[in-house]
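See below for the structure under consideration.
The values are calculated or read from the model by the stated rules, or taken from the named source; none is laboratory data. Because the structure is predicted, anything quoted here is derived from the model rather than measured. Backbone-built Cβ (ideal geometry, glycine too); neighbour counts: all protein chains shown.
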Amino acid sequence: MSALVGTSKAHSAGRPIATSQIFFAMLRRDMRVARRELPFFLLRTTMQPLMLMVVFGYLLPKLGMMQGNYTTTLLPGVLALSIALSAVQSIALPMVAQFGFSREIEDRLLAPIPVRLVAAELVVAATLQGILAGLVVLPAGRLIMGPIPGLELANIFQVLAVTTIGAAAFSALGLFLGCAIQPQQIGLLFSTIVGPMIFFGCTYYPWAALSKVPVLKYAVLVNPLVYVAEGLRGALTPGVPHMDPLVVTGALVVLLAVFWTMGLRGFMRRAIG
């Protein structure tokens, strides 16, 4: 908030302030808050993916109840899950509260920038947090599950590209959900949206394996998690069947545009209405 105060003082002193300065001041403020709450953020967003890797990637193979090379399929999916959960939660949960009982959103709306840029800043901040979660889970998964057959880090730029676009798409989705859901309905976010998204998002299995269930194979294509998981699978474990990277990138860009349009429309309606 100190950054915003500083820009307000400069404005009152008669010095013109660029819109970009205010935008990045708000972004620095959100990053400072996130850094202060980093342990709680990581606990909230990485606990479920890490537990999945402990059980399915370490414990069950140790007990002989699952093939050891299953970790090759599992790691990219769990990494995609951590990015998705972090990005969605980082914006949806605060939006539900700020548009609901706390009304903190009014402080942001007082900033002397267009309302659509306020929404864009929230999406950018959530995207950065999604990327951070992915950067934590990837090495943690390697430590938990041990050597992973077929794991390659040569395609690191492809990994970063899929992570960034995927985190942005889920942040935009989180903006839409945060504006559409009322505080008393927050349980719906997890029971009817996040839960099915996880189980049908190719987290635990490659998309190509669904050829045995053709109807489901094409039904899950509406799930953005499918494309993040498949994109990371193609970059990190290219030996496992995966979608074409161009298809993954194109689908994520389209979904980002759709979610951003829906999210911005909901944000404008809640903010101005």
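Tallying residues that are in contact with a His (Cβ under 8 Å, 6 or more places away or on another chain) and basic (Lys, Arg) within region 217-233 yields 1. Note on region 224-239: residues that are surrounded by fewer than 21 Cβ atoms within 10 Å (Cβ to Cβ) and touching a helix residue (DSSP H, G or I) at 6+ places or on another chain (Cβ under 9 Å) amount to 1. A single entry from Gln67, Gln48 fulfils the requirement of being surrounded by fewer than 23 Cβ atoms within 10 Å (Cβ to Cβ), closer than 15 Å to Ala140 by Cβ and of a type in the set (S, T, N, Q): Gln48.
Would you confirm whether or not region 186-206 contains a residue that is in the same structural domain as Ser86 (by TED's automatic domain parsing), of a type in the set (Ser, Thr, Tyr), in a helix (DSSP H, G or I) and surrounded by fewer than 14 Cβ atoms within 10 Å (Cβ to Cβ)? Looking for residues that are in the same structural domain as Ser86 (by TED's automatic domain parsing), of a type in the set (Ser, Thr, Tyr), in a helix (DSSP H, G or I) and surrounded by fewer than 14 Cβ atoms within 10 Å (Cβ to Cβ), one finds at least one in region 186-206, hence yes.
Scanning region 163-172 for residues that are aliphatic (A, V, I, L, M) and either surrounded by fewer than 24 Cβ atoms within 10 Å (Cβ to Cβ) or modelled with pLDDT under 95 (or both) yields a count of 1. Once region 215-240 is narrowed to residues that are among the hydroxyl-bearing types (Ser, Thr, Tyr) and in contact with a Leu (Cβ under 7 Å, 6 or more places away or on another chain), the residue that is nearest to Thr163 (Cα to Cα) is Tyr227.
Going through (1) under 28 Å from Val55 (Cα atoms); (2) surrounded by 15 or more Cβ atoms within 10 Å (Cβ to Cβ) one by one, Pro149 falls short only on (2).
Of Leu109, Leu128, Leu79, all but one fail to be within 27 Å of Ile181 (Cα to Cα), surrounded by 24 or more Cβ atoms within 10 Å (Cβ to Cβ) and among the hydrophobic types (A, V, I, L, M, F, W, C); the exception is Leu79. Scanning region 234-243 turns up no residue that is of a type in the set (Val, Ile, Thr), over 28 Å from Leu117 (Cβ atoms) and in contact with a His (Cβ under 9 Å, 6 or more places away or on another chain). With region 37-127 as the region, which helices (runs of 4 or more DSSP H) entirely inside it contain at least 1 residues that are in contact with a Cys (Cβ under 9 Å, 6 or more places away or on another chain) and without any contact (Cβ under 8 Å) to a residue 40 or more places away in the chain? Passing ranges: none, list empty.
One line per residue, one yes/no per condition, for (1) of a type in the set (S, T, N, Q); (2) assigned by TED's automatic domain parsing to the domain that holds Gly150; (3) modelled with pLDDT under 90:
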position: Asn69; (1), (2), (3): yes, yes, yes
position: Leu74; (1), (2), (3): no, yes, no
position: Gly77; (1), (2), (3): no, yes, no
position: Asp107; (1), (2), (3): no, yes, yes
position: Leu110; (1), (2), (3): no, yes, yes
